[in-house]
1. Counting only helical runs of four or more DSSP H residues, what would the 222 nm mean residue ellipticity of the chain come to if each run contributes -39,500 (n - 2.57) and the total is spread over all its residues?
2. Keeping all protein chains in place, calculate the accessible area per residue for the stretch 31-112 (probe 1.4 angstrom), answer in Å².
3. Would you calculate the separation in nanometres between label points at residue 32 and residue 248, each defined as 7 Å from the Cα along the Cα-to-beta-carbon direction?
4. Extending each Cα 7 Å along its Cβ direction at residue 104 and residue 297, get the distance between those two points in nm, one decimal.
5. Please give the per residue accessible area of the stretch 134-202, computed with a probe of 1.4 Å over protein heavy atoms only, in Å².
6. Considering only DSSP beta bridges where both residues belong to the chain, give the percentage that are antiparallel (nearest 5).
7. Figure the gain on full extension for residue 202 and residue 53 (residue separation times 0.36 nm, minus the Cα-Cα span) and round it to one decimal in nm.
8. Return P(r) of the stretch 158-299 (all Cα-Cα pairs; 5 Å bins starting at 0; whole %; ordered from short to long distances).
Amino acid sequence: MSILLVVGSANADHVLTFDKLPKAGQTLICQQYRLELGGKGANQAVAAARLSNEGQNISFISSLGDDANASMMRNAWAVDGIDIEGCYQIANQSTGTAMIFVNQQGENSIGVVPGANAKLSSEHFQQQRAKFEQANYMLIQLETSLESVQAALQLARQHQCINILNPAPAAVLSKEILSLVDIITPNETEAFALTGVEVIDQLSASKAADYFHQQGIDKVVITLGSKGAYLSDQGKGQIIPAPIVNAIDTVAAGDTFNGALMVALDEGKNLQEAVIFANKASSIAVTRHGAQSSIPYRDQLNN
């Protein structure tokens with residue numbers, strides 16, 4: 001049995017849909033409200049679980065509040081077959097919360113209250129050390145503290161577990177953190193925040209990827225939304241186009257991509273093949289509303 005590990009955040013997403021996104025100081029009446037299960041870490045764990053094969057086991061390590069939202073999440077993840085032993089509930093803390101504004105074109109603006117996500121620590125990782133020892137891949141994001149991110153990367157590196165860092169939301173990362181990364185998967189905004197290069201075409205994507213290579217990261221995948229993804233494997237780069245679809249909601253599209261990428265790499269696909277698989281999965285997610293509710297199952301990729 002192959003073990004794949006996801007470390008990161010979990011949020012209760014309050015989603016408000018508008019004709020257009022409100023501007024600063026503007027009040028708009030939303031067309032629809034719904035409560036969704038989200039958080040980048042949880043979304044990626046769900047994506048990995050739904051897109052995995054029978055020989056892959058998905059484990060999730062996260063920090064939740066002591067509330068009804070946490071219980072609801074744990075129950076839902078268990079239904080998806082995720083190992084939730086490492087999903088801790090912290091007393092006197094609320095589960096992370098996100099407020100998501102979505103317009104009719106599927107564009108979104110998101111604000112996040114970390115809540116219990118901020119309490120995820122190296123102590124939790126040490127308690128789950130066996131998972132780091134056994135896992136082939138670890139996927140992590142930046143919705144928990146940078147200290148926790150660095151600790152998880154160090155533990156994965158110590159146990160020869162290949163790690164994937166999805167540097168979202170955008171943040172400035174130290175050279176110490178970047179030096180621990182095996183595969184990095186920023187979008188254009190995150191690539192600009194980390195490299196100072198505005199990614200607008202293949203040439204600029206190559207320049208951004210070169211920065212990451214200079215930090216010792218061999219494999220770089222820059223997601224480009226509807227244009228697909230630019231991949232650079234030890235400096236050899238190309239754009240892999242995404243399927244053309246009618247996008248209605250981009251929430252969790254990047255998370256779907258990352259979960260799918262990890263699954264495909266673990267199956268032995270090369271980076272190009274893995275990106276094609278991930279593009280296909282995320283292109284389905286953007287045609288559906290919601291976060292985890294939009295993530296497809298593996299058999300739906302063949303339809």
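The values are calculated or read from the model by the stated rules, or taken from the named source; none is laboratory data. Bear in mind the structure is a predicted one, so any value in this text is a computation, not a measurement. Reconstructed Cβ throughout: ideal geometry from the backbone, glycine too, with neighbour counts over all protein chains shown. For accessibility, only protein heavy atoms count, side chains too; no ligands or nucleic acids. Shrake-Rupley method; radii C 1.70, N 1.55, O 1.52, S 1.80 Å.
1. -10000 deg cm²/dmol
2. Accessible area per residue, the stretch 31-112: 41 Å².
3. 0.6 nm
4. My value for the distance between the label points is 3.4 nm.
5. 40 Å²
6. 40 percent
7. That pair, residue 202 and residue 53, stretches by 50.3 nm at full extension.
8. Result returned by the calculation: 2, 11, 21, 24, 21, 14, 7, 2, 0.
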